[in-house]
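Every read-out reported here was derived from the displayed coordinates using simple, explicitly stated rules and does not represent laboratory data. Since the model is a prediction, treat every value here as computed from it, not as a measurement. Cβ coordinates were reconstructed from backbone atoms using ideal geometry, including for glycine residues, and neighbour counts include every protein chain displayed.
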Amino acid sequence: MGFNLAILISGRGSNMLNIVNACDNKTLSSKVKIIISNNKNSSGLSKVKKKGIKTKIIDENKINKFEKKLSEILIKEKVNFICLAGFMRILSQEFLHNWKRKIINIHPSILPSFRGLNAVKKAIEKKVKYTGCTIHYVDKGVDTGEIIDQRIVKILKTDDEEKLAKKILKEEHILYIKVIETLEKEYNNGKDR
Ligand code: GRF
């Protein structure tokens, strides 16, 4: 038995779609209950509507109002685990406290390097030889939560930001599924804290 998942996005939603597909084809035993976006122009939403998955836009500037609506939806949908995938809002400490170790995020760098925005660009600018992606639990900081797993990508001299971002994204898709699979097993073994 897997999780009842909510996936929160703000943009194109390739990680989200990848998780949805992995649940559909039973690679994962979780069920995607709802996709929520804070951005009404998020192109990811239309990609899953056809699949019959519920989507919701929460268009609220004030974080307390946003989180109130979010919490109502999560309760209604019986969600017990949240995946952030390109979700561009900072959640409050209070909200995170209620979902301790139940929210994970993916970031396109080997954390703790290159937190925050433009992580791929920063890696190129710093001329590091390797970068990659990280999945971590979400805490009150920006990309500071406990690291769950990472995948490495070698930076080639010929890589520009676009090429490198593409290579990292490919690894992100592999990593997200692997991590959820591992967490599902922990959950089933009652190791869930
Ligand atoms: C990914 O690079 C992810 O690491 C970052 O935002 C991007 C989202 O891409 N947090 P997508 O919306 O999943 O395609």
CD proxy at 222 nm, helix term only [per DSSP H run n ≥ 4: -39500 (n - 2.57); per residue of the chain; nearest 500]: -11500 deg cm²/dmol
Under Karplus coefficients 6.51, -1.76 and 1.60, residue-wise ³J(HN,Hα) of segment 150-164 in Hz, glycine/proline x: 9, 10, 9, 10, 7, 8, 8, 4, 7, 6, 9, 4, 5, 4, 5
Label-point separation, Ile75 to Ser46 (7 Å along Cα→Cβ), nm: 3.5 nm
Convex hull volume of the chain per residue (C-alpha atoms, cubic angstrom): 116 Å³
Cut-off 16 Å (backbone N to label point 7 Å along Cα→Cβ of Lys170), residues of segment 101-142: 131-133
Among Cys83, Cys23, Cys133: highest mean-square fluctuation, GNM of the chain, C-alpha pairs under 10 Å: Cys23
Cα-Cα over 23 Å, subset of Lys26/Lys163; Lys33/Lys69; Lys31/Lys100: Lys26/Lys163
Whole-number Å³ per residue for the convex hull built on Cα positions in segment 143-193: 82 Å³
Rough spin-label spacing in nm, given labels placed 7 Å along Cα→Cβ, for Asp149 and Lys62: 4.1 nm
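Work out how much length Asp24 to Leu117 would gain on full extension: take 0.36 nm times their residue separation and subtract the Cα-Cα distance, in nm to one decimal.
Contour length minus the Cα-Cα distance gives 30.4 nm.
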Relative exposure of Ser46, Ser37, Ser29, judged by other C-beta atoms within 10 Å (fewest first): Ser46, Ser29, Ser37
